[in-house]
Amino acid sequence: MMNYPNEYESFNQPVNNEETAPVLNHTPVEPVTPPEPPKKKNRRGMKIVAGALACALVIGAAFGAGYATNRVIGGSSDNGGTNVYFSDREATEVTPVAVTGSRELSYTELYASTVNSVVSINASATENIWGQEAIVMASSGSGFIITEDGYIVTNYHVINGSNSVSVTLYDGTTYDATVVGGDEDFDIAVLKIDAEGLTPVVIGNSSELQVGNDVAVIGNPLGELTFSMSEGIVSCTDRLINVDGTPFNMIQITAAVNSGNSGGPLFNMYGEVVGIVSAKLSSSSSSEASVEGLGFAIPIDDVVSMIEDIMTNGYVTNKPYLGISAGNFSSSMIPNSTISSGVYIYSVEEGGAAANAGLLAGDIITKLDDTEITSMDDLTAAKKSYSAGDDVIVEYYRNNQRYTTHLTFGTEPESAETTSQQQTPSNDNSQNGSSGSYNPWEYFNRFFGSSYSGTAA
């Protein structure tokens, strides 16, 4: 059996309290009550109070500094009245600045610095009907001054078909304008007014635009809300869209664009013109989904040389020209065709670029260099990448056989036909269709949308 140590055994011995217990002499101690735990502080309440005090200090400082004054409404302050506070802040004066491209402008600075370069345009056409002059066409748009001596840029569709054009400046002065010239394919036109000392815009570089850049539009929405500015961002820099059958490479923007904005300038935040506002996308029926924030502008880089050409010569002198009348091709036009789409050549101008390249009526163009051509829209868009005198490899089909030929673009004549010349393709793929002052295909196409149409190219 295990034994515990002796000192531990002593605890088990009986004790004689009378003999061995020690006598303790001490004063009894009153029991001590433990302190109550500290109460938790209401920190949320403190934060609210602190915030209220801070606001009060800010408001008091503002009032004390003269930021606002009070006016007692409904009696005296001692008899049921209440205070209404009015700001004493003086508005910041915005003055026009020189557009130098050295710094970005605020929207107010941009407007003040460029609005005198923007114009409102009204165009109309009149005819003598039964001895009375009657207005048969009227349109309104916008434009911008490009020279101090009165040259103005706008869209071709703003003035197309008119015989009277007037231009109104920001100061309210109105001038009769002369149409110097224009180009329907690129939707640009140049006007001239008899004025001096005007404020021209500064032309920027549309190639420098990036998606997300801030932009602004100044123009004449609805033909009534003159010199309105809207702002937005660049949504896309190379958007291919089709406007009334003509393809365009556009800048897509979110700035509000409405009827009457056409022809106005698109500004970057340096106050430079980077585009010509040209189109908007909207619903054509209640059954279609509504759209917002879809405006389009022609990149200024694409047309600035043409604008200068029109100012000098009255039209674009270096537009590429094939010298053909052509239209959309579909396999239903030719039995057993090995291709389903392309551009069908109805006729070839003698001595023109196409004739010199060996193209014939009945050939079907399917490619320009590396660009696939499936329709007239494709051909028109592809041609915009070339100038007169440029060389191109044309891929085409003749009698279901594929060929290529080297073609040098000619120069489009000033009086080149740009309206549809309706013709009927022949099934032998070699002869021109009939043409004349009366063509039944014109009426068929108008109502049924047939592809049997030829357009000068």
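The values are calculated or read from the model by the stated rules, or taken from the named source; none is laboratory data. Quick caveat, the model's predicted, so the values are computed rather than measured. Neighbour counts are summed over all protein chains in view; Cβ atoms, including those assigned to glycine, are modelled from backbone coordinates with ideal geometry. Ligands, DNA and RNA are excluded from the accessible area calculation, which covers all protein heavy atoms including side chains. Shrake-Rupley method; radii C 1.70, N 1.55, O 1.52, S 1.80 Å.
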Task: Per principal axis, descending, Cα span of segment 295-422 in whole Å - done: 50, 39, 29
Task: In Å², nearest 10: area of T374 left accessible to a 1.4 Å probe - done: 70
Task: For A279, residues with placed amide H under 5 Å, excluding near neighbours - done: F296
Task: Note, ³J(HN,Hα) from phi for segment 119-125, Karplus 6.51, -1.76, 1.60, rounded to Hz, x at Gly and Pro - done: 10, 9, 10, 10, 10, 8, 9
TODO: Using a Förster distance of 56 angstrom, determine the FRET efficiency expected from the C-beta separation of T411 and E93, and round it to 0.05.
DONE: 0.55
Task: Amide hydrogen neighbours beyond the local backbone of A388, cut-off 5 Å, H modeled - done: K319
Task: Derived scalar couplings ³J(HN,Hα) [segment 161-175; Karplus, 6.51 cos²θ - 1.76 cosθ + 1.60; whole Hz; x for Gly, Pro] - done: x, 8, 10, 8, 10, 10, 10, 10, 7, 5, 7, x, 5, 10, 10
- [ ] Quick one: what are the phi-derived ³J(HN,Hα) couplings along segment 300-317, Karplus 6.51/-1.76/1.60 with θ = phi - 60°, whole Hz, x for glycine and proline?
- [x] 5, 4, 6, 10, 4, 5, 5, 4, 4, 5, 5, 4, 8, 10, x, 7, 7, 8
